[in-house]
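Reading through the structure tokens given below for one structure.
The values are calculated or read from the model by the stated rules, or taken from the named source; none is laboratory data. Keep in mind that what you see is a predicted model, and the values were worked out from it rather than measured. Positions of Cβ are backbone-derived with ideal geometry, glycine not excepted, and every protein chain shown enters the neighbour counts. Quick note on the areas: whole protein, heavy atoms, side chains included, nothing else; ligands and nucleic acids left out. Shrake-Rupley method; radii C 1.70, N 1.55, O 1.52, S 1.80 Å.
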Amino acid sequence: MALRYRHDGAVHGDLAHRLVVSTLPAVVLGAAIRVFALPGADVFRLLIAAPLLPLGLWPCLRALTPAHDQQPPAGVVPPRTLTRRRWRRLGARPGSRNGARRA
């Protein structure tokens, strides 16, 4: 699998370089901490959970909090209105298949 990407030149791109440069030091540091500093698995899991827990809770809390009630500026149509207008223009109704009208 990796040979195909190497043959295509995908592993020599800027994205591949950035991924390796940004993740490899953290992997090596995490392995060194796990092996030398914290031989117990429970302590290591707590240490790793401390920064990862807020990162996981943040998107969940953003999804659960209601959006601020702000009116769009004049002349801006909300996306839902645009969608309904497109359905009507196409002669389709929400939930119909292939744009066909229900009888």
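Data for the structure
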read-out	value
Pair list, Cβ < 6 Å and 6+ apart or interchain, from the stretch 2-24 residues that are of a type in the set (A, V, I, L, M) to residues that are open to solvent by less than 100 Å² (accessible area, probe 1.4 Å) and modelled with pLDDT under 70	Val11/Tyr5
Complete set of residues in the stretch 8-32 that are of a type in the set (Val, Ile, Thr) and at pLDDT below 85	Val11
Conditions (1) exposed (fewer than 10 other Cβ atoms within 10 Å of the Cβ); (2) at pLDDT below 70; number of the one not met by Arg84	(1)
